[in-house]
Amino acid sequence: MQYTEVMVRYGELSTKGKNRKDFIGRLAGNITRLLNDFPEIEIHPKHDRLHIVLNGASFEKIDNRLKRVFGIQTYSPTVKVERDIEAVKKTALELMQATFKDGMTFKVNTRRSDHEFEYDTNQMNEMIGDYLFDNMDNLKVKMKKPDLVLRIEVRKDAIYISNQLIKGAGGMPVGSAGKAVMMLSGGIDSPVASYLALKRGVDIEMVHFFSPPYTSDKALAKAKELAGILANYSGKINFIAVPFAEIQEQIKEKLPEGYLMTIQRRFMLRLADMIRAKRGGLAIFNGESVGQVASQTLESMAAINDVTTTPVIRPVATMDKTEIIKLAEDIGTFDLSIKPFEDCCTIFAPPRPKTKPKLEEARKLEARLDVDGLLQRAMDGIEVTPIYPNEKFLNDKAAEDAELL
C-alpha cells in the first residue's frame with residue numbers, strides 16, 4: 001500500500017496553552033532536521049496535527065527515525081483521499097487487504113471535524129464496514145480493543161484513512177526546555193540520564209573528562225560513540241572533551257587518599273559549570289544515583305555541590321541499578337557502556353574513598369592547590385566535536401572534526 005503522508009499527533013504539547021505554537025514549531029524543526037536527507041517530503045505543522053507529506057518517500061525508512069523524536073505521542077501512515085464516499089470505500093478496502101490477516105478483529109472509527117460533510121460518523125462507520133464485509137472474507141468486528149482500527153478522519157480539505165497507530169517517544173521536543181551540559185562518563189548511568197534529559201526537551205552538550213596517557217584513545221572514542229547513539233534522539237550533539245590528567249596528578253600528589261575522589265569531583269563540577277556559562281547553558285546534568293557509589297552519598301553530593309550555585313539535575317537519582325540497566329538496553333547504550341575501556345574516574349579511583357566527606361575539610365585541602373591555574377589550563381585544552389547519529393569512533397580512524405572551545 002502506498003501511503004501518501006504520515007499524520008503526527010502531539011503528546012504533552014496539548015497542555016501548553018499560549019506556548020503551544022512555539023512547541024509545535026520546535027517539533028517541526030526537529031523532524032525537518034531528522035529527515036533532511038529526504039528532499040521530496042513536505043512538513044506541515046498544524047494546531048492539532050503535523051502532516052508529513054511523503055511524495056513517494058518510503059514510510060518504512062521514515063518510521064525508524066520518527067520513533068526517536070521526542071514530542072510525538074502517536075503517528076500513523078495515512079492515505080489522503082478526496083471527499084467522496086466511493087473514494088473512501090475503495091481506499092479503505094485496499095488498506096485493509098494490504099494489512100489484514102486471518103484471525104484479526106477490526107472496527108471502523110470515523111471522526112468528523114467538518115460537520116458539514118454529508119454523512120455523520122455513524123453513517124460512515126456503517127457504510128465502510130458494510131463495504132468491507134461485501135468484499136473481504138473472514139472479517140470479525142470487535143468494538144473493544146480490536147486488532148485493527150480503521151481510522152477515518154473527515155476534514156475540510158480531504159479525508160484521511162489509516163489503520164496503524166504507532167506509539168511515539170513521548171516527552172517534549174528537544175530544545176524546548178532550554179540548553180544545559182551533561183557530564184558524560186563511559187559508564188551505564190550517564191547515557192541513560194542523557195536520554196531522560198533529552199526526553200524532557202533539554203538541548204544538552206556532553207562534557208567528558210579524559211586523562212591521557214592514563215586513559216586510552218579507545219576510552220575517549222567510546223564516550224564519543226555513546227554520544228552518537230544519543231544523537232539519534234536529537235539530531236546532533238556537541239561533545240566537549242576536557243583534559244583532566246594534570247588536575248588528577250596534582251590531587252594525588254598533594255592530598256590525602258580519602259579525599260581524592262571528593263576533590264576530583266569538585267574540579268569536574270567547576271569545569272562543567274565554566275563550560276556551561278561559556279556555552280550559554282542553564283543547568284548541569286549528571287548520571288548520579290543516590291547511594292550507588294561513594295561519590296553519590298548525600299554527604300558527598302553536598303561537599304561536591306558546594307562549588308556552584310547552578311542547578312545540578314540528576315535524572316536517575318532515585319532509580320536502582322536494574323532500572324537503569326533496563327533503560328540502557330532499551331535505548332541501545334548498554335552494550336557499549338560495559339566495554340572495558342577505563343575512564344579517568346576509574347583510573348584514579350582511591351581504594352578507600354570517604355563516603356561522608358566533611359565540607360570544611362574538603363575546602364581546606366583544596367586550598368593547597370593552584371585551583372585557578374589548574375582550571376584555566378584545562379579550559380585552554382578543551383576541544384568541541386559535533387557528533388551525529390550513530391557516528392562510529394571505535395571501529396574507524398576517521399579524522400575528528402574538532403575545534404577549540
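A quick yes/no check of all residues on (1) at pLDDT 95 or above; (2) assigned to a helix (DSSP H, G or I):
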position	(1), (2)
S300	no, yes
T308	yes, no
K339	no, no
K354	no, no
P357	no, no
L369	yes, no
Hey, does the range 201-211 have a residue that's of a type in the set (S, T, Y), open to solvent by 30 Å² or more (accessible area, probe 1.4 Å) and modelled with pLDDT under 95? no
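Search the range 275-297 for residues being of a type in the set (A, V, I, L, M, F, W, C) and part of a helix (DSSP H, G or I), and hand back the single one that is surrounded by the most Cβ atoms within 10 Å (Cβ to Cβ). Full working, then the answer.
First, pick out the residues of the range 275-297 that are of a type in the set (A, V, I, L, M, F, W, C): 275, 277, 282-285, 290, 293-294.
If we keep only those that are part of a helix (DSSP H, G or I) as well, we get 275, 277, 294.
Numbers: I275: 22, A277: 12, A294: 19.
Once the filter is applied, the top-ranked residue is I275.
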Expected single match for surrounded by fewer than 19 Cβ atoms within 10 Å (Cβ to Cβ), over 26 Å from L198 (Cα atoms) and in contact (Cβ under 8 Å) with a residue 24 or more places away in the chain among K339, K356 is K356
Filtering the range 1-58 down to residues that are assigned to a helix (DSSP H, G or I), open to solvent by 70 Å² or more (accessible area, probe 1.4 Å) and basic (K, R) yields K18, K21, R26, R33
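Being buried (at least 21 other Cβ atoms within 10 Å of the Cβ) and more than 33 Å from the chain's Cα centre (by Cα) is the requirement here; does V174 meet it?
Numbers: buried (at least 21 other Cβ atoms within 10 Å of the Cβ): yes; more than 33 Å from the chain's Cα centre (by Cα): no.
In short, no.
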>> Please verify whether L198 is open to solvent by less than 10 Å² (accessible area, probe 1.4 Å) and either in contact with a Phe, Trp or Tyr (Cβ under 7 Å, 6 or more places away or on another chain) or hydrophobic (A, V, I, L, M, F, W, C) (or both), treating the condition exactly as stated.
In response: yes
In the range 218-263, residues that are of a type in the set (S, T, N, Q) and either closer than 20 Å to L394 by Cβ or in a loop (DSSP other than H, G, I, E, B) (or both) total 3
When the range 95-132 is checked residue by residue, the ones that are part of a helix (DSSP H, G or I), open to solvent by 70 Å² or more (accessible area, probe 1.4 Å) and either aliphatic (A, V, I, L, M) or over 13 Å from I152 (Cβ atoms) (or both) are Q97, D130
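Here's a check for you: in the range 152-170, which residue that is among the hydrophobic types (A, V, I, L, M, F, W, C) and more than 18 Å from Q123 (Cβ to Cβ) is most open to solvent (accessible area, probe 1.4 Å)? Talk me through it step by step, then tell me what you get.
So in the range 152-170, the residues among the hydrophobic types (A, V, I, L, M, F, W, C) come out as 152, 154, 158-159, 161, 165-166, 169.
Next, only the ones that are more than 18 Å from Q123 (Cβ to Cβ) stay: 158, 165-166, 169.
Details: A158: 3, L165: 87, I166: 27, A169: 19 Å².
Checking each candidate, the answer is L165.
Looking at the range 272-279, can you tell me whether even one residue there is farther than 25 Å from P340 by Cβ, acidic (D, E) and at pLDDT 95 or above?
Step one: of the range 272-279, the residues farther than 25 Å from P340 by Cβ are 272-279.
Among the residues that remain, those that are also acidic (D, E) are: 273.
Remaining after also requiring at pLDDT 95 or above: 273.
Yes, some residue in the range 272-279 is farther than 25 Å from P340 by Cβ, acidic (D, E) and at pLDDT 95 or above.
The values are calculated or read from the model by the stated rules, or taken from the named source; none is laboratory data. Everything numeric in this text was worked out from a predicted model, so none of it was measured. All Cβ positions, glycine included, derive from the backbone under ideal geometry; neighbour counts span all protein chains shown. When the accessible area is computed, the model is the full protein with side chains, heavy atoms only, and any ligands, DNA or RNA have been set aside. Shrake-Rupley method; radii C 1.70, N 1.55, O 1.52, S 1.80 Å.
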